[in-house]
1. May I ask you to evaluate 6.51 cos²θ - 1.76 cosθ + 1.60, the Karplus curve with θ = phi - 60°, for each residue of the stretch 97-114 and list the ³J(HN,Hα) values in order in whole Hz, giving x for glycine and proline?
2. With every protein chain left in place and a probe of 1.4 Å, what is the accessible surface of Y64, to the nearest 10 Å²?
3. Label points 7 Å out from Cα along the Cβ direction at L152 and H26: separation in nm?
4. Run the simple label-point estimate for F17 and L115 please: 7 Å along Cα→C-beta, distance reported in nm.
5. Give me the number: length gained by fully extending R102 to L76, i.e. 0.36 nm times residue separation minus the C-alpha to C-alpha distance, one decimal in nm.
6. For the stretch 85-96, in order, what is each residue's ³J(HN,Hα) by Karplus, 6.51 cos²θ - 1.76 cosθ + 1.60 with θ = phi - 60°, in whole Hz (x at glycine and Pro)?
7. Given a 1.4 Å probe and the protein chains all in place, what does the accessible area of H112 round to, in Å² to the nearest 10?
8. Is it possible to state the helix-based mean residue ellipticity at 222 nm for the chain, with each DSSP H run of 4+ residues giving -39500 (n - 2.57), the sum divided by total residues, to the nearest 500 deg cm²/dmol? What is it?
Amino acid sequence: MEDVLVPIFFFGSLFAFPLLRRQMIHRHRLELLQQAPAAPAAPPTPTDSAAELALGLPEPHRLYALALLCRLQDALDSGSLDAHSTFVLRQARTEYLPATLRAYQNLTPAAHARLNARGQSAEDLLREQLEQISGGVAEALGQNHSSADRLLTQGNFLAERFETSAERVRA
């Protein structure tokens, strides 16, 4: 009988030990989770969409911001921009414009009063900042040299191609 029980006990412990270990680890993790304080609810994330932020602006600024956003999107969708202009326009669309609109919308009444005490109004500051972004966009679009670069490259290619064929004809 001992000849049979010893191997059974050996193989039983060999297979049962990993199962018991896994069960104990699982139970320990559950106890840790039950003891841990509940995580506070995450604060609502700020709206990152410039279009959604623009809709919360007062009327003249809303139209200006939406028009600027449309101009940015149309320029980026055209696909004819050089790398620098594309970078500037993407930054304006994803970072500069939303940050400006969020800063305006997060103004408290005390902040409005402080600006008014300094002789500035929040609406005027928002207009100036929107105009600065618009000016930067216009400058980036005006400095787009990709079409001129393509024309020069094509001209150099043609000059090289036809100069070599003209030299072959002369020879």
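1. 5, x, 5, 5, 5, 5, 4, 5, 6, 8, 5, 8, x, 5, 5, 4, 5, 5
2. Its accessible surface works out to 90 Å², give or take rounding.
3. Once both label points are built, they end up 6.9 nm from each other.
4. Distance between label points: 7.1 nm.
5. On the way: separation 26, 0.36 × 26 = 9.36 nm, distance 2.25 nm.
Gain in length upon complete extension: 7.1 nm.
6. Result, ordered by residue: 5, 4, 4, 4, 5, 5, 4, 4, 6, 8, 10, 5 Hz.
7. We get 60 Å² for H112.
8. -26000 deg cm²/dmol
The values are calculated or read from the model by the stated rules, or taken from the named source; none is laboratory data. This is a predicted model, so every value here is computed, not measured. So basically every Cβ, Gly included, is an ideal-geometry build from the backbone, and we count neighbours across all protein chains shown. Protein only, heavy atoms only, side chains kept; ligands, DNA and RNA dropped before computing areas. Shrake-Rupley method; radii C 1.70, N 1.55, O 1.52, S 1.80 Å.
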